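Presented below is the structure to which this report refers.
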Amino acid sequence: MEKGHGCSFSGIVSTSTFSCTIVVVTLILVRILYVILWGPRPFSRRATKPLSTLIVLGSGGHTAEMLNLLVVLQKDRFTPRFYIAAATDNMSLQKAQLLENNLTAKNGTRVPNTAQFMQIYRSREVGQSYVTSIWTTLIAMIHALWLMIKIRPQVILCNGPGTCIPICAIAFLFKVLGIRWSSIFYVESIARVRRLSLSGLLLYKFRMADQLFVQWPQLQRKYPRATYVGRLM
Amino acid sequence: MADRAGDDDKTRRVVFVTVGTTSFDALVKAVDSPTVKQELFTEGYTHLLIQMGRGSYVPTKSEGGSSLAVDYFTFSSSIADHLNSASLVISHAGSGSIFETLRLGKPLIVTVNEDLMDNHQSELAEELADQKHLYCARPQTLHQTVADMDLNSLVPYSPGDATPVTKLINRFLGFPDD
């Protein structure tokens, strides 16, 4: 067949494309394994500079717990601070702003209030069907990507609910691609006594959080890779 | 004897009911039922204040006197004042409401909303009830819980501490221990 030349040329191209793909996929998988297995190790070097921190707020009780944590966190080590809450959550950002304003007031000295507050599309509203949730989660992912590119935090603090999953997924992606290494700390809500929440379970199973904290001993027994820290509230 | 303005303050014992930001008609109905109101009145409570949230069932206001005085509202930016002036709190099972109440040292009956899908809230209410920090009830059994409760047997709740987790976070990141 006169196409002999063409056949063997396209044959070579398709073979080398195939090999290239295999190599690239293998590299990505190796990198992902590295991130998952090597990632959650404590930093061996002493930290000297403050770390930019992203705080993901959930509604109601979640925000109360997170604010409780922030009150005792060393503000000069975790700065600048960025707060993200779901677009439909009206109260959380206000409460965070109150906390930050109180800090500036307490400090007296002219420490500039650098905290920023942002809203993100929610992956899933309470009671929303899981089917439509797939679409809304996708939108939330894209929005999360946009915000993460802007912020590129070194530390991420979250305690569920679904608002934090797109953020953590993007952070994980950034780690794999080597764009920014964010240490992810997830504190499971005090309301979770016997089972992890869906967010917590996802982060636990896919090993996306560097440290996953639980507030009840029952959870530590059930999920051995989690760290029990007692009650925060 | 006769209710005078001065006497009101001394004998005023308020039962505060809160459903947070949710809709919990079953609880509001149960609390507004003659059985429960009568039971509360018998136990010496004078006022019933219901924060009804997004619910559609509207309680009946009452001046009180020979029965429980009843009033209600939908939302307020902070229920701390209401919790502070209450002698008994009946709440939905949201963790925010529960801990806000417990940290103020107020006696608490938590009612779990069985209409919610995936009711993880009951885990927390049951655990704290097991530890005798509060009473746990369902809207249908609320009158029984009120009748049987012995508030003196409740164990005071000691607030938790967020410092252990901040220590671990700091250590992980390589910050020196304070």
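In this entry, the range B:2-173 is assigned a mean projected area of 12.0 nm², taken as a quarter of its C-alpha convex hull surface.
If you take all C-alpha pairs in chain A, what percent of them are over 23 Å apart? Before the final figure, lay out each step's value.
On the way: 14880 of 27028 pairs.
The calculated P(r) of chain A puts 55 percent of pairs beyond 23 Å.
Couplings 3J(HN,Hα) for the range A:183-192, derived from phi with the Karplus relation 6.51 cos²θ - 1.76 cosθ + 1.60 (θ = phi - 60°), are 7, 9, 10, 10, 10, 5, 4, 5, 6, 9 Hz, where x marks Gly and Pro.
Counting charges near A:P42 (Lys, Arg +1; Asp, Glu -1) among other residues having Cβ under 12 Å from its Cβ returns a value of +3. Of all DSSP-defined beta bridges confined to the range B:1-157, some 5% are antiparallel rather than parallel.
So which trypsin sites (Lys or Arg not before Pro) in the range B:123-178 are both in a DSSP loop and have at most 14 other Cβ atoms within 10 Å of their Cβ? Present the calculation step by step, with values, prior to reporting the outcome.
Values: sites: B:K132, B:K167, B:R171; in loops: B:K132.
For trypsin sites (Lys or Arg not before Pro) across the range B:123-178 that sit outside H, G, I, E and B with at most 14 neighbouring Cβ atoms in 10 Å, the list reads B:K132.
Taking amide H as placed 1.01 Å from N in the peptide plane, the amide H of A:A86 sits under 5 Å from that of A:I120, each at least 5 places away or on another chain.
Here is the list for the range B:58-125: chymotrypsin sites (Phe, Trp or Tyr not before Pro) lying in DSSP coil, each with at most 12 other C-beta atoms within 10 angstrom of its C-beta, are B:F75.
The trypsin sites (Lys or Arg not before Pro) of the range A:52-157 meeting both criteria, a DSSP state outside H, G, I, E and B (loop) and at most 13 other C-beta atoms within 10 angstrom of the site's C-beta, are A:R110. Could you tell me which of the pairs A:K49/A:K175; A:K75/B:K167; B:K37/B:K61; A:K75/A:K205; B:K106/B:K167; A:K49/A:K150 are separated by over 24 angstrom between their Cα atoms in the structure shown? The pairs that break the limit, which is 24 Å between Cα atoms, are A:K75/A:K205; B:K106/B:K167.
Apply 1/(1 + (r/R0)^6) to the Cβ-Cβ distance of A:N113 and B:S153, taking R0 = 60 Å, and write down the FRET efficiency to the nearest 0.05.
Details: r = 48 Å, r/R0 = 0.79.
The value I calculate is 0.80.
In this calculation the C-beta distance from A:L145 to A:T48 is compared with R0 = 30 Å, giving a FRET efficiency of 0.50.
Normalised by 2.2 N^0.38 Å, with N the number of residues, the alpha-carbon radius of gyration of the range B:8-61 equals 1.16. Averaged over peptide A:73-79, the number of partner chain Cβ atoms lying within 10 Å of each residue's Cβ comes to 3.
Once you average over the residues of A:203-215, how many Cβ atoms of partner chains fall within 10 Å of each Cβ? Spell out each step's value before the answer.
Numbers: counts 0, 0, 0, 0, 0, 0, 0, 3, 4, 0, 4, 0, 2.
Partner-chain Cβ atoms within 10 Å, mean over residues of A:203-215: 1.
Compared with the dominant principal axis of the Cα atoms in chain A, helix A:61-72 is inclined by about 70°. Evaluating 6.51 cos²θ - 1.76 cosθ + 1.60 at θ = phi - 60° for every residue in the range A:11-25, the Karplus couplings come out as x, 5, 4, 5, 5, 5, 4, 4, 4, 4, 4, 4, 4, 4, 4 Hz, glycine and proline recorded as x. Of the residues B:D130, B:D25, the one with the fewest other Cβ atoms within 10 Å heads the list, and the complete ranking is B:D130, B:D25. Averaged over the residues of A:186-196, the number of partner chain Cβ atoms lying within 10 Å of the residue Cβ comes to 4. Between B:C136 and B:V110, the built amide H atoms are under 5 Å apart, and every one of these is 5 or more places off in sequence or on another chain.
Fewest-first ordering of A:V187, B:V14, B:V165, A:V13 by other beta carbons within 10 Å of each residue's beta carbon gives A:V13, B:V14, B:V165, A:V187.
In the protein assembly as shown, the alpha-carbon atoms span a convex hull of 189 Å³ per residue. In chain B, excluding the sites themselves, the longest stretch lacking any of the GluC sites (Glu not before Pro) that are in a DSSP loop with at most 12 other Cβ atoms within 10 Å is B:115-178. Remark: the range A:171-176, residue by residue, has Karplus-estimated 3J(HN,Hα) of 4, 4, 4, 4, 4, 4 Hz, where x stands for each Gly or Pro and the curve is 6.51 cos²θ - 1.76 cosθ + 1.60 at θ = phi - 60°.
Dipole of the protein assembly as shown, Cα-centred, from +1 at each Lys and Arg C-beta and -1 at each Asp and Glu C-beta, to the nearest 20 debye? Walk me through the numbers on the way to the answer.
Numbers: 41 positive and 32 negative charges, 468 e Å.
Rounded to the nearest 20 debye, it is 2240 debye.
Which length gain, in nm to one decimal place, applies between A:R207 and A:R152 when the Cα-Cα distance is subtracted from 0.36 nm times their residue separation? Please list the in-between numbers first.
Numbers: separation 55, 0.36 × 55 = 19.80 nm, distance 2.01 nm.
Separation in residues times 0.36 nm, less the Cα-Cα distance, equals 17.8 nm.
Cα centroid separation, the range A:200-214 to the range B:103-148: 29 Å.
Say R0 is 60 Å: what FRET efficiency, to the nearest 0.05, do A:S19 and B:K167 get from their beta-carbon distance?
Values: r = 50 Å, r/R0 = 0.83.
Calculated transfer efficiency: 0.75.
Per DSSP helix of 4 or more residues, -39500 (n - 2.57); summed, then divided by the residues of chain B. What does that give at 222 nm, rounded to the nearest 500? Result for chain B: -10000 deg cm²/dmol, rounded to the nearest 500.
Coordinate-derived values only; no laboratory data. All of these numbers come straight from a predicted model, not from anything done at the bench. All Cβ positions, glycine included, derive from the backbone under ideal geometry; neighbour counts span all protein chains shown.
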